[in-house]
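The values are calculated or read from the model by the stated rules, or taken from the named source; none is laboratory data. Everything numeric in this text was worked out from a predicted model, so none of it was measured. FYI the Cβ positions are ideal-geometry reconstructions off the backbone, even for glycines, and counts take in every protein chain you see. We work out accessible area using only protein heavy atoms, side chains counted, and drop any ligands, DNA or RNA first. Shrake-Rupley method; radii C 1.70, N 1.55, O 1.52, S 1.80 Å.
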Amino acid sequence: MAGLTVGFGEYTHAIVRGVPASLPKEALRMNEANDDVDLARARREHELYVGVLMHKLGLQIVELPVDDSLPDSVFVEDAAVVCGDTALITRPGALGRRKETEIVKKALTDLHLNIVEMIDESATLDGGDVLFTGREFFVGLSKRTNQRGAEILADAFKDYAVSTVPIYDALHLKSFCSMAGPGLLVIGSSDGAQKALKVFERLKDHMLIPVPLTQMAKVDGSLSCCSILVNKRREM
Ligand code: GLY
C-alpha cells in the first residue's frame, strides 16, 4: 500500500452553500418524524461552521448561492469528490439532488481542478459515502452509492486502492466516521458504525473543535456534508 499522501489533511479552500428555506419541510430524511427543523437555528449553526472553516482553519471560502429549489443543497459534499488536483463530479443517488452538481462543477472548474464527470447512467455515488484516508479510499455501498459508482471513482483516482464498505442503518459512510488527522480515523458507536469498523485498520482518541449541527442532523446532515475541501497550495 502506498505511504501517506504528501499534503494530506491540508486545505486552502472550502466550498460551502447556505441553508435553503425549503430545507425544513423538503430536505430528504431517513426519519420522517424529524419534521421540526428550525431554519433560523440551522442557519446560525451553518454560519458558525463556516466561521470555523474561515477563522480557525484559515480556509478561503467559496460560497455558492443559496437555491431554495434544491432543499438538500447545503450538503455540497455529495456533489463531488476532490483529491489532489482532480475533482470527480458525482451522480447523486437521489434523483432530486442531481442538479446540485452543476454549480459545484463550475466552482471546481473555476479553481482549475481537473474535472471528471460520472456519466454512466447505471452509476450512483454520493460524496458522503467516500472516505479518503490519505493512503486509500473507502466507499460506502449505501442506498445512495452503488458498486458501479465505486468503480468509476477507482478509475478517476487510479493511484489509490479503493475498498467498499456495506452501510447499514445510516445514510452514508461518513454519517458515522471521518478522518480526524493523518492516519487517524474516528468512528461512532452505533451498531452500523461498529459493523463497518471491521473493515478499517485502527481507531484512536483525538481532539475536536465542537461545532453544533443539531438542525441539519435531523435531515441526516453531518459536519463533512457541508463543505468540499480543496488544497490549491501543493501537489498531492
Ligand atoms: N438530507 C440529506 C440527504 O438525504 O441527502
| Only one of (1) more than 16 Å from the ligand (Cβ to nearest atom); (2) at pLDDT 95 or above; (3) not hydrophobic (A, V, I, L, M, F, W, C) fails for residue 127. Which number is that? | (1)
| query | Quick one: what pairs do we get from segment 92-107, first residue on the phi < 0 side of the Ramachandran plot, second open to solvent by 10 Å² or more (accessible area, probe 1.4 Å) and of a type in the set (Ser, Thr, Tyr), C-beta under 6 Å, 6+ apart or different chains? | reply | 93/124
| field | strands (runs of 3 or more DSSP E) contained in segment 47-102 and holding at least 2 residues within 16 Å of the ligand (Cβ to nearest atom) | value | 80-83
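What are the residues in segment 85-99 that are within 19 Å of residue 229 (Cβ to Cβ), of a type outside the set (Ser, Thr, Tyr) and either modelled with pLDDT under 95 or open to solvent by 10 Å² or more (accessible area, probe 1.4 Å) (or both), if any?
Listed by number, the list holds a single entry, 85.
Which count do you get for residues in segment 103-115 that are within 14 Å of residue 226 (Cβ to Cβ) and part of a strand (DSSP E or B)?
Of the residues in segment 103-115, 0 are within 14 Å of residue 226 (Cβ to Cβ) and part of a strand (DSSP E or B).
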| Members of segment 139-168 found to be within 16 Å of the ligand (Cβ to nearest atom) and part of a helix (DSSP H, G or I), listed by number | 149
| message | Condition first: of a type in the set (A, V, I, L, M) and out of contact with any helix residue (DSSP H, G or I) (no Cβ under 9 Å at 6 or more places or on another chain). Now tell me which residues in segment 4-35 satisfy that. | response | 4, 6, 30, 33
